[in-house]
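Structure first, then comments.
The values are calculated or read from the model by the stated rules, or taken from the named source; none is laboratory data. No experiment lies behind these values; they were computed from the predicted model shown. Methodologically, a virtual Cβ is constructed for each residue, glycine included, from the backbone with ideal geometry; neighbour enumeration extends over all protein chains shown.
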Amino acid sequence: MSSSNTSVVMLPGLLCDHRLWTHANSAFESERQVFIPDLSLDASIGLMAERVLEQAPAQFALVALSMGGYVAFEIMRRAPQRVARLALLDTMARADDPARTKARRGLLALAEMGRFKGVTPQLLPMLMHPRCLETAAAQVVQDMAQTMGKDGFIRQQQAIIERPDYMPLLAQIRVPTLVVVGEQDKITPPPESQLIHRHIRHSQLVTLPDCGHLPPLEHPEHTTALLRQWLGNA
């Protein structure tokens, strides 16, 4: 690992952990410091961001997927000087509309009643492209959710529900920014990433075909190649 290369912080999404970034981590860990924090410990996006900032290197490139994107926006609001580059995968900057908030509160209530089932095979089509449903990647998604468990899900869902609208922040972002979205993402569909791209000056937008909400697992090689290009000589 070269000490001269910029460190990379990789933020997982809801019900995800370090396994989301296995391919990219393996590709980068020999050349730079890689830090993948646990985002299951706090019940607010602000506290998650503070924990990351306390543990992360002084300056870093920041990669984030879905819920991790909300944490990334909060980091950019609190400590933009520490972020050298930003990559946002399958996330959104807008706050939830009332319908989405209602759905989240319903899931939260079910979990609090002890009816948390993780990511079931029935739920996988919402997260992944059909070609991935019978693969090892699908099993990783289910295993991560089981590891996270009910308590982690409740904390994360509460944090997501109460997060602020990050749209006003986007115009202030000046670092090189990569925006990636799966063409078939049903959770944060392509228009959300297109909106982010339009409001972050000089950002790059990449749409991945045959891909749902989880590019690092559905297209690991392509995702890592995009991140390597984004990192450049940093």
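Considering only segment 102-125, I want to know if a residue exists there that is modelled with pLDDT of 90 or more and surrounded by fewer than 16 Cβ atoms within 10 Å (Cβ to Cβ). Please lay out each step first, then the result.
Taking segment 102-125 and keeping what is modelled with pLDDT of 90 or more, we get 125.
Still in the running and surrounded by fewer than 16 Cβ atoms within 10 Å (Cβ to Cβ): 125.
Yes, the conditions are met somewhere in segment 102-125.
Within segment 115-128, one or more residues are in a loop (DSSP other than H, G, I, E, B), over 27 Å from HIS219 (Cβ atoms) and among the aromatic types (Phe, Trp, Tyr).
Scanning segment 136-152 for residues that are surrounded by 14 or more Cβ atoms within 10 Å (Cβ to Cβ) and polar (S, T, N, Q), we see that the one that is farthest from PRO190 (Cα to Cα) is THR147.
Of all the residues in segment 64-91, those that are of a type outside the set (Val, Ile, Thr), part of a loop (DSSP other than H, G, I, E, B) and buried (at least 24 other Cβ atoms within 10 Å of the Cβ) number 2. Any residue in segment 26-37 that is closer than 25 Å to LEU124 by Cβ and touching a residue at least 24 places away in the same chain (Cβ under 8 Å)? Yes - at least one qualifying residue is present in segment 26-37.
Within segment 45-63, the set of residues being surrounded by fewer than 23 Cβ atoms within 10 Å (Cβ to Cβ) and either assigned to a helix (DSSP H, G or I) or β-branched (Val, Ile, Thr) (or both) comprises GLY46, LEU47, GLU50, ARG51, LEU53, GLU54, GLN55. Quickly run through segment 179-209 and pick out the residues that are out of contact with any strand residue (DSSP E or B) (no Cβ under 8 Å at 6 or more places or on another chain) and either surrounded by fewer than 16 Cβ atoms within 10 Å (Cβ to Cβ) or within 17 Å of MET167 (Cβ to Cβ) (or both). Residues satisfying the conditions are LYS186, PRO191, LEU195, ARG198, HIS199, ARG201, PRO209. Applying a threshold of 7 Å to beta carbon distances and a minimum spacing of six or more residues, or different chains, the list of pairs starting in segment 106-132 at a residue that is among the small types (Gly, Ala, Ser) and ending at one that is at pLDDT 70 or above and not in a loop (DSSP other than H, G, I, E, B) reads ALA111/LYS150; ALA111/PHE153; ALA111/ILE154; GLY118/GLN142; GLY118/ALA145; GLY118/GLN146. Does segment 16-25 hold any residues that are assigned to a helix (DSSP H, G or I), touching a residue at least 40 places away in the same chain (Cβ under 8 Å) and of a type outside the set (Lys, Arg), and which are they? Passing the criteria: LEU20, TRP21, THR22, HIS23, ALA24.
Residues that are surrounded by fewer than 19 Cβ atoms within 10 Å (Cβ to Cβ), of a type in the set (Val, Ile, Thr) and more than 16 Å from the chain's Cα centre (by Cα): does segment 162-176 have at least one? Yes, because at least one residue in segment 162-176 is surrounded by fewer than 19 Cβ atoms within 10 Å (Cβ to Cβ), of a type in the set (Val, Ile, Thr) and more than 16 Å from the chain's Cα centre (by Cα).
Taken across segment 213-222, residues that are of a type outside the set (A, V, I, L, M, F, W, C), farther than 27 Å from THR6 by Cβ and more than 16 Å from the chain's Cα centre (by Cα) do not occur at all.
Inside segment 26-39, residues that are at pLDDT 95 or above and hydroxyl-bearing (Ser, Thr, Tyr) make up a count of 1. For the condition small (Gly, Ala, Ser), modelled with pLDDT of 95 or more, in a loop (DSSP other than H, G, I, E, B) and in contact with a Leu (Cβ under 9 Å, 6 or more places away or on another chain), ALA137 does not qualify.
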